[in-house]
Amino acid sequence: MSVAENQATAERGGTRAVAVLSSIGRFLVIAVTTYLGLLAVTFFIGRVIPIDPVLAVLGDRAPANVVERTRREMGLDLPLIEQFYIYVKNALNGDFGTSVLTTNPVMTDIRRAFPATIELATLGTLIGSVIGVPLGVLAAVRRGSLIDQIVRIIGLIGYSVPIFWLGLLGLVLFYAKLQWVAFPARLDVVYEYTFTPITGFYLLDAAMQGQWDVFYDAFRHIILPASLLGYFSLAYISRMTRSFMLNELSQEYIVAARAKGLSERRIVWAHALRNAAVPMVTVIALSYAGLLEGSVLTETVFSWPGIGLYITNSLQNADMNAVLGGTIVIGSVFIAINLFSDLLYRVLDPRTKVE
Amino acid sequence: MSTEVVQSRRDWLLSERPASRMQARLGRAYVTWRRFSANRLAFVGLLIIIALLLVAAFADVLAPYSPTFGDLKGSRLLAPSAAHWFGTDDLGRDIYSRIIYGSRWTLYVVILVAVIAAPIGLLVGTVAGYAGGWTDAILMRITDIFLAFPKLILALAFVAALGPGIENAVLAIAITSWPPYARIARAETLTVRNSDYIKAVQLMGASPFRIVLRHIMPLCISSLIIRVTLDMAGIILTAAGLGFLGLGAQPPLPEWGAMIASGRRFVLDQWWVAGAPGFAILIVSLGFNLLGDGLRDALDPRSGDQ
Amino acid sequence: MSGKTLLEVEDLRINFPTRIGQVQAVRGVSFSLGRERLGIVGESGSGKSQTGRAIMGLTPPQAEVTAKTLAFDGIDLLAAPPRERRALRGKRIAMILQDPKYSLDPVMSIGRQIVETLRTHERVSKAEARDRALAMLEAVQIRDPARVFDLHPHEVSGGMGQRAMIAMMLIAGPEMMIADEPTSALDVTVQLDVLGILDRLVSERGMGLIFISHDLRLVSSFCDRVIVMYAGKVVEQLKASELRDAQHPYTRGLLNCMPRIGFERHPLPVLDRKPEWAA
Ligand SMILES: Nc1ncnc2c1ncn2[C@@H]1O[C@H](COP(=O)(O)OP(=O)(O)OP(=O)(O)O)[C@@H](O)[C@H]1O
Ligand SMILES: [Mg+2]
């Protein structure tokens, strides 16, 4: 290899590295500013809007000396910018203060509630994708057919129905009338004492310990809320799949694939869907994030002891530390999923590999 | 004879060589309208929204009972009947009447949110798009940050701090729903910013303020209207969710979300108390969704199948 | 005409039902093809592509295709069941599309797309399929086949993409090929390379070729015979060598539009269109 060629190769390697670095850099800037934004907004909500943040945290029945001490503890005598700095530092350490309601550190409560929320949202997204993607594909392939109409109606209702209301009706029908599912909770009371969770995902824990009676009971409790969430994610996922697939199926490379003599099955599933899969990842991730966000409503309806229920219970008791802690945690996961899906998009799509 | 007149009027509207700006505009509107009304579902959506407006306007005439005072002694938790179409609630109030009055609160929420959020988005988007450079970068970063937030949870936290109430709920929803409008307005601004037409206005010495206000903002309106219509259902659902959690409208306001919350306690036995208001929410959201889809398809034929 | 007849088209008609009524894209086209090169020229919208696609069986589902005869090697294409037509596609009749940027699957490597054609039509092992794909890439004059095999379509130039498509369509050894403006999306310099490759492969393998193009001069230098289409009809059919003696005013118009070196043309001629030609 000649010197000039060598140099050219090195240079190309160099610009490639710069490109990769700059895209990582951009990603970091986006991630950091977004998280700082989230903290700034919650700081604003917790410290700036309330006329007296101490009362907002302690409630107005706290004795005067406690109020005074808390005021100093919260650093409210410091300038606002310094307060924000401390706030960010604490938040990064997972310190959101103490919950008035449970008297625990907020982070401890959240850690306990978190698996319940994740278990529910994950099962919901799983149901939604496993049913929603094939439905959307079929609707696109048989455009205008009965199945297409059904997908359309499922989507329209999913976008229009209040989730908590549908949950209540579900309870009336499947719990009270048909008695197919168990009452709103995570487990029957009997098992609350005999069962020791490991990961906090009850279905997983029960299966790992071979306690199939617990597994069955957990399943009877989770299936209704998970199906409800699954329906919402299905409505969104099937509709988006349909539209991505219609777009792919109208591309020239599909004509070329037909000209090669490929079967329709192969064209749809190996070519069109593989191309649609790239944007689908984002859609599924967004739907997952949406279910996490919607947990405040579903968990309230189904008395599901996750972060959503924790937030709403704290709201009712004006427990601001807990509300904001929960908001930050759900917000962080939500943002992380958004960022992550963006990254995954780049990995899946060969066109974005070299930039 | 009359068909001939209709025929020629149609031709006049569809003429490829309109003689006046008026004719061209009417022609465009006619084509859009034909595409819109050919979409039966969109038409149903329009009818639902018109019905909502009429019900809200004539609530006093349509409602047989008072929405806030009930007969505590004789008519608590009655099942649906001829006297009370949707039954009565725990305070003996007629649910049908409450739903009719509730339509006013639904309209109140969507209109106020639209009136607050759309101008914020419009302002941020057009300024960012027209100014470019750092202004653009910073404004859009802020927009993207807000876009990455979970809206419902954030609205919840806002109302928690501001205190429950329907005005605060409206404010919280508005604060979390302007970013998409800013994005749209910026995109539209960028497409016209360098057009000869804007250049001409600049040459005539118009101030940037005037250009943005008089020449750019009006161009963004139609895409904003579509987007706002599409968002209406989401706004209604968020407001109802806040109401359900006790953060939105407070008793005894006949707001539909709050009505579901108060019916929740008896839902296993008296399902209609929570059932009817939820159904009302479903129908109205459906109406907005159908209307929004139809508007989008009619004004932007490319997106027809998507 | 050399050899036996491969394709027989008689009175081919293609109708698209639309909201404003029937659009007759092709209205009674007849021709036949042996192991030779047939050019189809005509302006945009004259029905060239639809004719080609109807032969392949790739007409959009809403369209109606009718013909007195549409036969490939004695097989009545319109009566053949879909399965049989599919077996013909890629195996015995191939088609090259205009723009490699859009006609190759963007998320599948070029090699896999070529192998896919082969393995759809022949039972071959993976290793053998790979070897044959590499040989085919070499046949379309790609210098480093092993490297290109693993590349994705966006990583190659337009000219290389079009060669990859030719490889993908020819690997199963078809007897007839429809090339729908195979070089219109390419740079002028690359056009000639690709045409050269196509030319060589067609004559080496003795394929029948239908070459669709806007470019009358290109067609006349590349093909044995030329069909001129206008508004869904064949207005003239003649040997490429006799193009200069074309009778029809539309063909003459097309010929007149072509710039010639050494002649200044002012004003530039405009193509004349008379409604009676379409009648
Ligand atoms: N899906 C369709 N619906 C309705 N009409 C169609 C459709 N596809 C093609 N056509 C009609 O068929 C006619 C012929 O189209 P075709 O693609 O064969 O033209 P062409 O000669 O290949 O033109 P070009 O040189 O631009 O490729 C067009 O005038 C068009 O109006
Ligand atoms: Mg064509």
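The values are calculated or read from the model by the stated rules, or taken from the named source; none is laboratory data. Everything quoted here is computed from the prediction, not taken from an experiment. Using ideal geometry, Cβ is built from the backbone for each residue, glycine included, and neighbour counts are taken over all protein chains shown.
I need the strands (runs of 3 or more DSSP E) fully contained in the stretch C:150-258, keeping only those with at least 2 residues that are within 14 Å of chain A (Cβ to nearest Cβ) and more than 16 Å from ligand 1 (Cβ to nearest atom). Before you say what the answer is, go through the steps one by one.
Values: elements: C:176-180, C:208-213, C:225-230, C:233-239.
Strands (runs of 3 or more DSSP E) meeting the threshold: C:176-180.
Name the single residue that is modelled with the highest pLDDT among those in the stretch B:88-113 being touching a Phe, Trp or Tyr at 6+ places or on another chain (Cβ under 6 Å) and either closer than 19 Å to B:Ile166 by Cβ or surrounded by fewer than 24 Cβ atoms within 10 Å (Cβ to Cβ) (or both). Full working, then the answer.
Our first condition is that a residue be touching a Phe, Trp or Tyr at 6+ places or on another chain (Cβ under 6 Å); within the stretch B:88-113, this holds for B:94-97, B:102.
Among the residues that remain, those that are also either closer than 19 Å to B:Ile166 by Cβ or surrounded by fewer than 24 Cβ atoms within 10 Å (Cβ to Cβ) (or both) are: B:96-97, B:102.
Details: B:Tyr96: 88, B:Ser97: 88, B:Gly102: 92.
Top of the filtered list is B:Gly102.
Which one of the conditions (1) crowded, with 19+ Cβ neighbours inside 10 Å; (2) more than 12 Å from every other protein chain (Cβ to nearest Cβ) does B:Leu299 fail to meet, given that it meets all the rest?
For B:Leu299, the exception is condition (1).
Can you name the number of the only condition in (1) in a helix (DSSP H, G or I); (2) basic (Lys, Arg); (3) farther than 24 Å from A:Glu252 by Cα that C:Arg27 fails?
With (1) in a helix (DSSP H, G or I); (2) basic (Lys, Arg); (3) farther than 24 Å from A:Glu252 by Cα applied to C:Arg27, the lone miss is (1).
crowded, with 22+ Cβ neighbours inside 10 Å, β-branched (Val, Ile, Thr) and within 12 Å of ligand 1 (Cβ to nearest atom): is that true of C:Val41 in this structure? Reasoning before the result, please.
Details: crowded, with 22+ Cβ neighbours inside 10 Å: yes; β-branched (Val, Ile, Thr): yes; within 12 Å of ligand 1 (Cβ to nearest atom): yes.
So C:Val41 fits the description; yes.
Considering each of C:Arg53, C:Arg35 in turn, give the residue that is out of contact with any Cys (no Cβ under 9 Å at 6 or more places or on another chain), at pLDDT below 95 and either more than 16 Å from ligand 1 (Cβ to nearest atom) or in a loop (DSSP other than H, G, I, E, B) (or both). Reasoning before the result, please.
On the way: C:Arg53 fails: either more than 16 Å from ligand 1 (Cβ to nearest atom) or in a loop (DSSP other than H, G, I, E, B) (or both).
Exactly one residue qualifies, and that residue is C:Arg35.
Could you give every pair whose Cβ atoms fall below 9 Å, whose first residue belongs to the stretch B:17-30 and is at pLDDT 80 or above, and whose second residue is among the charged types (D, E, K, R), counting only separations of at least 6 or pairs across chains?
B:Tyr30/B:Arg10
Please give the number of the condition C:Ala71 fails out of (1) part of a strand (DSSP E or B); (2) more than 26 Å from C:Val219 (Cβ to Cβ).
(2)
Keeping to the stretch C:93-122, report how many residues are more than 18 Å from A:Leu249 (Cα to Cα) and either more than 9 Å from chain A (Cβ to nearest Cβ) or within 16 Å of ligand 2 (Cβ to nearest atom) (or both).
Pass one, the stretch C:93-122, residues more than 18 Å from A:Leu249 (Cα to Cα): C:93-96, C:109-112, C:114-122.
Restricting the remaining residues to those that are either more than 9 Å from chain A (Cβ to nearest Cβ) or within 16 Å of ligand 2 (Cβ to nearest atom) (or both) gives C:95-96, C:110-112, C:114-115, C:118-119, C:122.
Number satisfying all stated conditions: 10.
For the stretch B:48-103, name all the residues that are under 30 Å from B:Thr229 (Cα atoms), in contact with an Asp or Glu (Cβ under 8 Å, 6 or more places away or on another chain) and of a type in the set (Val, Ile, Thr).
B:Ile95
Name the residue, out of B:Ile236, B:Ile211, B:Ile226, B:Ile198, that is touching a His at 6+ places or on another chain (Cβ under 8 Å) and either of a type in the set (S, T, N, Q) or crowded, with 17+ Cβ neighbours inside 10 Å (or both). I'd like the intermediate steps shown before the answer.
Numbers: B:Ile236 fails: touching a His at 6+ places or on another chain (Cβ under 8 Å); B:Ile211 fails: touching a His at 6+ places or on another chain (Cβ under 8 Å); B:Ile226 fails: touching a His at 6+ places or on another chain (Cβ under 8 Å).
That would be B:Ile198, the only listed residue that is touching a His at 6+ places or on another chain (Cβ under 8 Å) and either of a type in the set (S, T, N, Q) or crowded, with 17+ Cβ neighbours inside 10 Å (or both).
Filter the stretch C:20-56 down to residues that are more than 14 Å from chain A (Cβ to nearest Cβ), within 13 Å of ligand 2 (Cβ to nearest atom) and not hydroxyl-bearing (Ser, Thr, Tyr), then give me how many there are. Quick ask: steps written out before the conclusion?
Step one: filter the stretch C:20-56 for residues more than 14 Å from chain A (Cβ to nearest Cβ), giving C:20-48, C:51.
With within 13 Å of ligand 2 (Cβ to nearest atom) added as a condition, the list becomes C:25-26, C:40-48, C:51.
With not hydroxyl-bearing (Ser, Thr, Tyr) added as a condition, the list becomes C:25-26, C:40-43, C:45, C:47-48.
Residues flagged as more than 14 Å from chain A (Cβ to nearest Cβ), within 13 Å of ligand 2 (Cβ to nearest atom) and not hydroxyl-bearing (Ser, Thr, Tyr) within the stretch C:20-56 amount to 9.
Contact list please: Cβ distance under 6 Å, first residue in the stretch A:259-274 and without any contact (Cβ under 8 Å) to a residue 40 or more places away in the chain, second residue buried (at least 21 other Cβ atoms within 10 Å of the Cβ) and of a type in the set (Lys, Arg), pairs at least six apart or on different chains.
Final answer for the pair search is A:Ala259/C:Arg89; A:Gly261/C:Arg89.
I'd like the full set of residues that are facing chain A (nearest Cβ under 10 Å) and either without any contact (Cβ under 8 Å) to a residue 12 or more places away in the chain or outside any helix (DSSP H, G or I) (or both), limited to the stretch B:235-255.
Correct list: B:Leu245, B:Gly246, B:Leu247.
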